[in-house]
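These notes are about the structure you will find just below.
What follows is calculated from the coordinates using simple rules that are stated; it is not laboratory data. On a predicted model such as this, the values are computed, not experimentally measured, just so you know. Please note: Cβ atoms are built from the backbone with ideal geometry, for glycine as well, and neighbour counts cover all protein chains shown.
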Amino acid sequence: MLVLFETPAGFALFKVLDEGKLDKVEDLWKEFTTSDSARRVVELKAFNKFENTSDALSAATLIIDSKPSKGLRKFLQKHCEGETLAVADSKLGNAIKEKLKIDCIHNSAVMELMRGLRNQLTELITGLGAQDLGPMSLGLSHSLSRYKLKFSPEKVDTMIIQAIGLLDDLDKELNTYAMRVREWYGWHFPELTKIVTDNIQYAKVVKMMGNRANAVNLDFSEILSDEDVEAQLKEAAVISMGTEVSDLDLLNIRELCDQVLALSEYRAQLYDYLKSRMNTIAPNLTALVGELVGARLIAHGGSLLNLAKQPGSTIQILGAEKALFRALKTKHSTPKYGLIYHASLIGKASQKHKGKISRSLAAKTALAIRYDALGDGEDNSIGTECRLKLETRLQVLEKTEFGKSAGSAKGKPKIEAYEKDRKKGAGALITPAKVYNPAADVFLGKSTEETPKKSELASKKRKHQDAESAPPTEPAAEAIQEDGDQERKKKKKKSKETEETPAADADGEKKKKKMSKGSEEEPAVATAEGKKKKKKKKSDADGEDGEDVAMQTEESGKKDKKKKKKKHADDE
């Protein structure tokens with residue numbers, strides 16, 4: 001049985017001298033404690049040396065992929081005819097068996113044998129020392145790592161991270177220096193701040209002009225493109241309210257202006273460098289979101305490869321971590337965008353659609369980053385295609401929103417419902433205008449049942465007044481005519497009854513006052529009903545008094561007739 005062993009220098013074939021020792025796997029390591037005992041177990045049969053580093057790298061990469069190289073196949077065909085081959089990788093053994101028809105073995109005994117061979121490798125292979133094996137293994141491992149990572153100096157994103165950081169720092173410094181120039185020179189010429197708004201133009205004007213008295217004799221056409229601004233500057237310089245400054249002060253101000261202009265020039269140069277590096281390293285990301293936003297995403301993620309591992313939802317809120325955790329802590333809505341908000345596509349969208357577009361843009365950005373980091377292509381076709389799709393989606397969203405605002409969910413305004421009420425050719429409406437109906441009004445706190453009750457009370461009052469104003473009955477009148485004495489008695493009785501009625505009325509008024517005091521605490525509806533009941537009681541009492549008077553007059557008339565009959569009978 002033969003053993004295939006891979007080394008940094010080449011492939012080695014060992015012949016197993018005593019195969020019976022492979023049965024005792026647990027004690028096999030004892031045979032490789034010394035070089036003499038190892039030589040009694042295995043013996044070097046053949047060795048295939050690599051010609052150079054590239055040959056070693058190609059062979060090692062194929063072995064990692066479980067594929068035999070061309071040199072290995074020739075080496076095995078030459079030395080392994082009719083032999084059984086022990087290999088450390090079962091997939092490699094299957095590939096050798098399929099292509100070379102050589103039986104291969106892979107088990108625990110073979111792995112233990114490989115461990116022993118590695119321990120005594122320098123002793124078993126003559127001409128291969130430990131001082132040579134170490135550098136060879138280190139160089140091969142480095143080459144293999146570069147190959148696996150597809151290392152390229154053009155794909156280093158560290159330069160982008162440093163460049164975007166320096167660009168942000170330059171922007172801050174430029175703003176600070178420009179504000180210092182405005183504040184310093186403003187003591188001499190304060191009106192210039194409002195006339196020239198751009199910081200770079202302001203620094204150039206100050207450097208060229210120096211003292212404001214020189215403005216009249218200078219030509220600012222190269223700096224200021226607008227002639228009106230130049231005319232305003234010269235007029236303001238004549239009537240300026242600023243203080244006078246010395247030549248030494250103007251010299252320091254001009255030196256500061258030189259610093260501002262130098263920083264602005266270096267900033268423009270750095271931006272061009274960053275733009276070229278972004279187009280080289282991440283062309284699809286640059287085509288989708290732009291150079292600055294793409295560089296800030298890479299810097300925030302740490303590297304292009306780390307950013308490629310992130311999902312689209314993370315890329316969407318990258319840069320808004322503080323707002324995200326604050327929203328989760330306070331249980332409010334989470335942010336919709338972070339650094340990606342500054343992309344031109346989100347700037348084109350309306351406020352209502354920024355969330356949708358940012359979500360779609362983040363998903364497409366994740367695809368573009370993965371293609372840039374792990375793909376082989378160097379063009380920006382995927383980024384351009386994704387950008388066109390997002391622009392089309394944005395247009396669709398804006399059009400549907402416009403259609404909905406017109407009055408229909410499908411984008412078509414419905415006006416048929418209004419045309420049916422119009423005449424043909426005329427602008428007037430067929431249906432007449434509605435008239436206000438006052439009878440349909442309803443008053444709170446009053447019910448419709450009050451009106452019939454009031455009419456009933458009014459009718460009862462009228463009947464009572466008619467009954468009181470009616471003349472006395474006929475029998476009472478006859479009795480008065482027959483006897484004057486009886487008439488006097490009746491008058492006295494009537495006077496007594498009339499005296500009793502005011503007393504009853506007074507008692508009734510007292511009762512009403514008591515009732516009114518109690519009813520003030522009740523609601524307004526209850527008071528109205530109480531008054532109605534009182535009026536009914538009074539009318540009923542007055543009716544009963546009138547009937548009693550009529551009955552008394554009839555009874556007195558009958559008694560008088562009886563008395564007259566008795567007297568007449570006695571006289572006879």
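For the reader, a short list of remarks on this structure follows.
- Added length on full extension, which subtracts the Cα-Cα distance from 0.36 nm per residue, residue 398 to residue 269: 42.6 nm
- Loop GluC sites (Glu not before Pro), the range 64-123 (other Cβ atoms within 10 Å of the site Cβ: 11 or fewer; DSSP): 81
- Sites listed here are GluC sites (Glu not before Pro) in the range 181-262 whose DSSP assignment is loop and whose Cβ has at most 12 other Cβ atoms within 10 Å: 222, 244.
- For the range 282-402, size of Cβ-based charge dipole, Lys and Arg +1, Asp and Glu -1, in debye: 840
- Distant-in-sequence amide contacts of residue 7, defined by a placed amide H-H separation under 5 Å and a gap of 5 or more residues or a different chain, comprise 12.
- Long pairs among 74/97; 21/101; 309/331, criterion Cα-Cα beyond 18 Å: 21/101; 309/331
- Cα lying deepest toward the dipole's positive end in the range 1-64, options 37, 8, 53, charges on Cβ: 37
- In the range 159-259, Cα pairs under 8 Å separated by at least six residues give a relative contact order of 36 percent.
- Put simply, the convex hull of the Cα atoms in the range 159-259 casts, on average, a shadow of 7.1 nm².
- Dipole size of the range 2-149 about its Cα centre, with +1 on Lys/Arg Cβ and -1 on Asp/Glu Cβ: approximately 540 debye, rounded to the nearest 20.
- Pairs from the table (15/67; 348/389; 194/234; 15/78; 207/275) lying more than 21 angstrom apart at Cα are 15/67; 207/275.
- When the square roots of the Cα gyration tensor eigenvalues are ordered a ≥ b ≥ c, the ratio a/c for the range 1-88 is 1.5 or more and a/b exceeds b/c, which makes its shape prolate.
- Considering only alpha-carbon pairs that sit under 8 angstrom and 6 or more positions apart, the relative contact order computed for the range 39-110 is 25 percent.
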